Each structure stands twice: as C-alpha cells, then as structure tokens.
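Peer 1: Below is a structure I'd like to ask you about.
The numbers here are math on the coordinates, done by the rules we state, and not lab data. For clarity, every value in this text was computed on a predicted model and none was experimentally measured.
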Amino acid sequence: MLRIFEFLYKLRAFLLFVLLEIIAIWMVVRNNSPQGAAFFNSSMAISGSLLKTQSDITGFFSLSEENDELSAQNARLLKELIGQNSMDSVSYAPLDSSFKASFEIIGGKIVGQTLRLAQNHITINRGADDGVTEGMGIFTQNGAVGRIKEVSKNFSVGISLLNTGLLVSSKIKSSDVFGSINWDGKDTQVAKMLYVPRHVTPSPGDTVITSGYNAVFPEGILIGTIKSVNPSENQNYLDISVQLSADFSKLNYVYLVRNTSIEERDSLYQQAEISDEY
Amino acid sequence: MNIRNLFSTIIWGFLLLVIQIFFLKNLALFGVALCFIYLLLILHLPVNISTISLLVISFLVGLTVDMFYDTGGIHAVGTTFIGFFRPIWLRIISPTGGYDEGTSPTLQEMGTGWYLTYIVPMTFLFSLLFFTVDQWGTMGVFNILNKSFFSSILTVLLAILVQALFYKRRRSIL
C-alpha cells in the first residue's frame, strides 16, 4: 500500500496536470454546447465593468460616426411615421392572432467582443436588471448580429453571428426561399447560406433577411447580400456566400429584441418534439 | 526568489495580461496571426520553480484570459500544457553546466540562440493546441497549422521586441 502512495506521490505533477486539463476541457465543452453555461465569462461583475471602462474610452473616438448613423436612422423612421399617418383614411382591418407576435426592444452598447476565433462572443452592458433574458436576438440598424446566451445582473454575453455554432433562419427577399445562415469561420465579412435547394436560382446582389420562422428575430431584419452562388459538393443544395451587412469590427450600439410569444411557441415545439434552430 | 523579484514579477505579469486583454484581443495580422504575449508570464518564471506551482499558475493565468475572451477554457488547456511541458523541455535543452540558481529563461540571461530554441517550440505547441480546440471539427488541419505557425512567429517576434525594449532599460536603472 505504501508503495502505491509513494508511486502516486512521485507522479503528483503529472496527475495534477491531467486533472487541470480535464477541468479545462470540460469547461470548453460546456461553454460550446448551446445550453451550457460558462463558469467564467465576461458577464461577470469584475470583467464586465473592466471591459465597460475600456469601451467607454475607445467609444469616445467614434462618437461622431455613431451620431451620423443615428440621425440617418431617425430620418428614416420619421419618414415611415409620416407614411403611417397618411394611412388614416384607409379602413381598419382587425389583425388575426398570427400577426400578433409583438416584440420588445432594448437598446444596449457592446463593451467587449472577440473577432478572431471560431467561436466568437459579444458582451453587452445590459443585464437581467434591464430586462434582458436568454435567447434574445441582437441586431443593429445595419443587420443581425447574434443571440444572447447568458445574462448576469448588469451584463450579458451573446453568441456572435461569427460563431460556427450559430444558425440563423433566413430567407432570400426577392424569391422568399428559406435557408440557414451559418458562419464558416474564415472571413469575418462573409457567411454561408445553407439548405437552399438546387432548383432555386438566386443571383449575386439579392438581399438576405431573417425569416421570422425562428422566434429570435422578427421577420425582415437585414443579414446581408448574396456574394456568390456555386454548386456545392452536396447534390441537394447550393453553396451560397453572403456578404454580411453588419460590420463586426465597428459594432458599438445594438438593439436587443425579444419575441413575447416565444414561450407559447417553445412549448408547442416541445409538445411536437421539434428542436428549434436559432 | 526574493521579495523584490516576486514583486516585479507580479507587476510584469499584470502588465502583460492587461496588454493581452485590452490591446491584442482582436488583433490578427492578415487574419491568421494572433499574438499570445501573455505566455511570457509563464515562460519567464525562474527555472527552479516547482512543477506543481508552475502548473497552478499556468492554469489560473489561462482562466483569467479565458474570462475576458469568453472562450470557456481554451486558453487554460493551452497554458496548462505549456506549464507541464516547460520543465521537460528545459531539461532537454539544458546548457552544459546546467542553470544557475534562480535564473529566468529570458533573452538577456541565456542568449539569442538558446532563447529561440526555448521559446519557438513552446509558443508553437500552445498555438497548435489553442487552434485545435478552438476550431474543433469545423476546419481542416491545414488551417490550424497555418494559424499556429504564423501566430507563434508573431508572438516570438513581439516577445523579443518587448525584451529588447524593456528588459535592458530595467537593468540599467537597477
């Protein structure tokens, strides 16, 4: 017995090494599964507030650019509002419940993000106290950005669209063909559109928007434009590259959106045993 | 290691972490070369540090970076491996006559030739492990090797630059 203990004692460094590696790999696996929660992430109080200070300083330099974009968006919204008012004379038709899905929107600011990995994440300075919940969609006026994964009191962490694990249900605007947007981990400006059948003939320049089939994004949020269409190795589908409209290296202010009917939809999916893509 | 050394090591390590987390996080030369300058914190610990404490320090440093990178434990996997492999590699490339008590394996102490044989394989191994875990199952071997190769080159270049700039000056003051 003593021999065994002596033997183990001699090996203690190696055993500790194996133990620490197992812990680390276990944390990686947990972090990468869609439902898993990371133990250490940037939504924690210390790291969150440190990142916030950094973004406060760097954000100062892009203020005028942000202002320009916001005023452009204001102008566009005003135009739509004026259009709405002039529709008063049209007779009012009650909406049926399928159009009732309503969306809550929260504004936020990105305080930290990674760009250069295969699994990129975003940290946002809004947390549970501001009404953020897991599964909310993240977008800017330029396009879809990601989906909230984890929420702490004052911060939240989202999976970026630039994450090989995220699928976003989407469609080609002109032809209403559905597919899934997934990043292939190569270029931060380009993603792939999967599951578009071969008989469809999309052309470069076509707009790709969110489909509204998933409960994360409302329908019609811009994702990008088709960059190239090639026949893929798979016999059934096309290989489509989409130029993303959101510039991930310049993200600053974002909107978080929640579908208020998501619980009903989710429980229906559970009953029907369908696993939703995000 | 005396108190003064301990103190300067802690401050130096803290500085490296701050630079890594706030300045180098999204830096990638030509989209392939990342820089892991914080590895110097582990690689420059004194030669005679015990393996156990080296492993614990490596693991904690990796976790700290992971926290800010939102990578779960990818950095920790790499740094722990570096911590385990370092004593073995040091023994293999030990100069004739061995190491002096309390030496740090730095450019100034050991000379350029020896330092390169020390740091290049270590950073390459780390990068290889890092990108393998990061891109598990999503990308080909070529992509991983490509990124590891250029990342370790960038890290080594920056490591030499940092030491050429700061280590000498620190010595002349002391």
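Peer 1: Enumerate the amide H contacts of A:His121 below 5 Å, restricted to partners 5 or more residues apart or on another chain; note that Pro and chain-start residues carry no placed amide H.
Peer 2: The answer is A:Thr114, A:Ser160.
Peer 1: Taking just the alpha carbons, could you work out the radius of gyration and Dmax for the range B:121-164, both in angstroms?
Peer 2: 11.5, 39
Peer 1: If you don't mind, there's one more thing I want to ask. Would you mind giving the three semi-axes, in whole Å and largest first, of the ellipsoid equivalent to the protein assembly as shown according to its Cα gyration tensor?
Peer 2: 48, 24, 22
Peer 1: Going by amide H atoms built from the backbone, whose H comes under 5 Å of the H on A:Ser245, apart from near neighbours?
Peer 2: A:Gly224, A:Thr225
Peer 1: Could you grab the relative contact order for chain A? Cα pairs under 8 Å, six or more apart, rounded to a whole percent.
Peer 2: 17
Peer 1: Report, in degrees rounded to the nearest 10, the 0 to 90 angle that the Cα long axis of helix A:63-85 makes with the longest principal axis of chain A.
Peer 2: 40
Peer 1: Name the residues whose placed amide hydrogens come within less than 5 Å of the amide hydrogen of A:Leu167, ignoring near sequence neighbours (fewer than 5 apart) on the same chain.
Peer 2: Distant-sequence amide H within range of A:Leu167: A:Tyr278.
Peer 1: Can you compute 3J(HN,Hα) from phi for each residue in the range B:79-85, using the Karplus curve 6.51 cos²θ - 1.76 cosθ + 1.60 with θ = phi - 60°, rounded to whole Hz and x for Gly and Pro?
Peer 2: Working through the residues one at a time gives 5, 4, 5, 4, x, 6, 7 Hz.
Peer 1: Same structure again: Pull up the cross-link candidates among the aspartates and glutamates for B:Lys25, meaning alpha carbon to alpha carbon under 14 Å and not fewer than 8 places away within one chain.
Peer 2: Filter leaves B:Asp66, B:Asp70.
Peer 1: With a bin width of 10 angstrom, please list the P(r) values of the range B:1-120 as percents of all Cα-Cα pairs, from the 0 bin to the one holding the largest distance.
Peer 2: Calculated P(r), rounded to whole percents: 12, 42, 36, 10, 1.
Peer 1: Suppose the Debye formula is applied to equal point scatterers at every Cα of the range B:1-72; what is log10 I(q)/I(0) at q = 0.14, 0.20, 0.25 Å⁻¹?
Peer 2: The calculated log intensity ratios at q = 0.14, 0.20, 0.25 Å⁻¹ are -0.49, -0.90, -1.21.
Peer 1: Another question, if that's okay. Just to be sure I follow the rule: in chain A, considering lysines 8 or more places apart or on different chains, how many pairs have Cα atoms under 17 Å apart?
Peer 2: 12
Peer 1: Over the Cα atoms of the range A:124-233, what radius of gyration and what Dmax do you get, in Å?
Peer 2: 14.9, 49
Peer 1: From the phi of every residue in the range B:19-29, what ³J(HN,Hα) in whole Hz does the Karplus formula 6.51 cos²θ - 1.76 cosθ + 1.60 yield, where θ is phi - 60° and glycine or proline is x?
Peer 2: With coefficients 6.51, -1.76 and 1.60, one gets 4, 4, 6, 9, 10, 9, 4, 10, 7, 8, 5 Hz.
Peer 1: Between Rg and the Kirkwood Rh of the range B:73-141, both from Cα atoms, what is the Rg to Rh ratio?
Peer 2: That ratio is 1.08, to two decimals.
Peer 1: Give the separation of the Cα centroids, the range A:1-21 to the range A:115-148, in Å.
Peer 2: Centre-to-centre distance over Cα atoms comes out at 44 Å.
Peer 1: Just report the Cα centroid separation between the range A:50-81 and the range A:235-272, whole Å.
Peer 2: 23
Peer 1: In percent, how large is the relative contact order of the range B:28-158, given Cα pairs closer than 8 Å and 6 or more residues apart?
Peer 2: RCO, the range B:28-158: 35 percent.
Peer 1: Sticking with this structure for a sec: Short version: ³J(HN,Hα) in whole Hz for each residue of the range A:209-219, in order, from phi by Karplus 6.51 cos²θ - 1.76 cosθ + 1.60 (θ = phi - 60°), x for Gly and Pro, what are they?
Peer 2: 10, 5, 8, x, 6, 7, 8, 7, 9, x, 5
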